[in-house]
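Data block below; observations after.
The values are calculated or read from the model by the stated rules, or taken from the named source; none is laboratory data. Nothing here was measured: the structure is a model prediction, and the numbers come from that model. Here Cβ is always computed from backbone atoms with ideal geometry, including for glycine, and neighbour counts include all displayed protein chains. SASA here: full protein model, heavy atoms, side chains in, ligands and nucleic acids out. Shrake-Rupley method; radii C 1.70, N 1.55, O 1.52, S 1.80 Å.
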Amino acid sequence: MGKEKGGPFWDSSLSSSRGSSSSSSSKEDEFGSEGEEEEDDEEEEGLGSFCVSPDRWDVVGLGQAMVDFSGMVDDEFLERLGLEKGTRKVVNHEERGRVLQAMDGCSYKAAAGGSLSNSLVALARLGSKPIGGPALNVAMAGSIGSDPLGGFYRSKLRRANVNFLSPPIKDGTTGTVIVLTTPDAQRTMLAYQGTSSTINYDSCLAGIVSKTNIFVVEGYLFELPDTIKTITKACEEARRSGALVAVTASDVSCIERHYDDFWEIVGNFADIVFANSDEARALCNFSSKESPVSATRYLSHFVPLVSVTDGPRGSYIGVKGEAVYIPPSPCVPLDTCGAGDAYASGILYGILRGASDLKGMGTLAARIAATVVGQQGTRLRIQDAVDLAESFSFNLESSTVRTDVGSDHISSL
């Protein structure tokens, strides 16, 4: 599919922040002459023009719906705007407008972003064909505005076979993340929450959660005011409906700021936790000297299945106080952003396909992560997903021996 340019895109509220010049306004209204949609945003075959709601979803994720603007800049650009390289900060409407105005003339891309959406898109692509089971039905809930950015977010996910189920908030603005990458590959991120800072528990969300097999909560939601109430009620509904509850740790500083809230959900509801080694240590309240395997074992006393990634050193899957080591899948790294999101999709896919061999499931997850790390962009590509799913199905059918410590345990999930 070719790259799309032009067309209504920017929300009108952005115009006032970026100055009153006609050139700036036209860029905002028409996506920007230098802006383009993310190149690897492939469309699923036969999809995009219709939406069929199943009786029950395989996975529903609750997370932040943010449109990503990503562009290459130099150090001078950051210094001029007083931005500290390599940091992530929340900005207000005016600050966002100031940065976007400074980006006039730069090349940038827009995408339906977010850690959770990366995982859901990868999962939908792995399950796009009836390989090893029926095609998977994947959806997301969250908060978007009724502005053009909200429509963009919904349509981009739908084209990737992920249905965004929450209705738009009337007169609301959709959140954005500006990702500025310098030549040394460091990313500086500026998040504008918009209406995505408010996710309320209502009859619509309750109905969505009651019809899923796995309910995934994105850890970044713990940063939003009063969202812990929504998360708690949604997890209670998921449990009543017989769904598994998965939680992504998302960010060390987020865990440290909302430690009690995290454990309120993890300790009472979580069947699955996804974390990297630093996040796992933060959840355990361990020092940086503690090993990832220790954190994995500790967490697995409280959560039935724990997935902990440790970068190029591999990963661990924890069950019942034990940790299964998963070696890294070889690759030539180009872009490590999104590796953990991709890994999580492999674990979810393995569970949905009935895998009982933790080693095999973890190996698939590691291969998916390596595939994403070896390309530019955070999204698993369609053909790569199909190839990985076919390989996993073959290995699943060929394997008759269960040697894992958690084989029976994962089967019960």
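Can you pull out every residue in region 283-312 that is in contact (Cβ under 8 Å) with a residue 24 or more places away in the chain and of a type in the set (D, E, K, R)?
Selection gives ARG297, ASP310.
Taking THR198 as meeting all but one of (1) touching a strand residue (DSSP E or B) at 6+ places or on another chain (Cβ under 6 Å); (2) surrounded by fewer than 17 Cβ atoms within 10 Å (Cβ to Cβ); (3) not charged (D, E, K, R), write down the number of the exception.
THR198 satisfies every listed condition except (1).
Within region 296-311, is there a residue that is at pLDDT below 95 and either buried (at least 22 other Cβ atoms within 10 Å of the Cβ) or not hydroxyl-bearing (Ser, Thr, Tyr) (or both)? Explain how you work it out, then say what you get.
Taking region 296-311 and keeping what is at pLDDT below 95, we get 311.
From what's left, either buried (at least 22 other Cβ atoms within 10 Å of the Cβ) or not hydroxyl-bearing (Ser, Thr, Tyr) (or both): 311.
Yes, some residue in region 296-311 is at pLDDT below 95 and either buried (at least 22 other Cβ atoms within 10 Å of the Cβ) or not hydroxyl-bearing (Ser, Thr, Tyr) (or both).
Does CYS204 count as surrounded by fewer than 17 Cβ atoms within 10 Å (Cβ to Cβ) and either at pLDDT 90 or above or in contact with a Leu (Cβ under 7 Å, 6 or more places away or on another chain) (or both)? Full working, then the answer.
Details: surrounded by fewer than 17 Cβ atoms within 10 Å (Cβ to Cβ): yes; either at pLDDT 90 or above or in contact with a Leu (Cβ under 7 Å, 6 or more places away or on another chain) (or both): yes.
Yes: the conditions hold for CYS204.
Among the numbered conditions (1) surrounded by 23 or more Cβ atoms within 10 Å (Cβ to Cβ); (2) at pLDDT 95 or above; (3) within 18 Å of GLY61 (Cβ to Cβ); (4) of a type outside the set (Lys, Arg), tell me where SER250 comes up short.
Every listed condition holds for SER250 apart from (2).
If GLY354 satisfies all but one of (1) part of a loop (DSSP other than H, G, I, E, B); (2) within 17 Å of the chain's Cα centre (by Cα); (3) closer than 15 Å to LEU126 by Cα, what's the number of the condition it fails?
(2)
Taking region 207-229, which residues are open to solvent by 10 Å² or more (accessible area, probe 1.4 Å), in contact (Cβ under 8 Å) with a residue 60 or more places away in the chain and in a helix (DSSP H, G or I)?
Listed by number, the residues that qualify are ILE208, TYR220.
Taking TYR349 as meeting all but one of (1) of a type in the set (Ser, Thr, Tyr); (2) modelled with pLDDT under 95; (3) closer than 14 Å to ILE131 by Cα, write down the number of the exception.
Checking TYR349 against (1) of a type in the set (Ser, Thr, Tyr); (2) modelled with pLDDT under 95; (3) closer than 14 Å to ILE131 by Cα, the one that fails is (2).
What is the residue count in region 257-295 for residues that are open to solvent by 30 Å² or more (accessible area, probe 1.4 Å), of a type in the set (Asp, Glu) and in a loop (DSSP other than H, G, I, E, B)?
Residues flagged as open to solvent by 30 Å² or more (accessible area, probe 1.4 Å), of a type in the set (Asp, Glu) and in a loop (DSSP other than H, G, I, E, B) within region 257-295 amount to 1.
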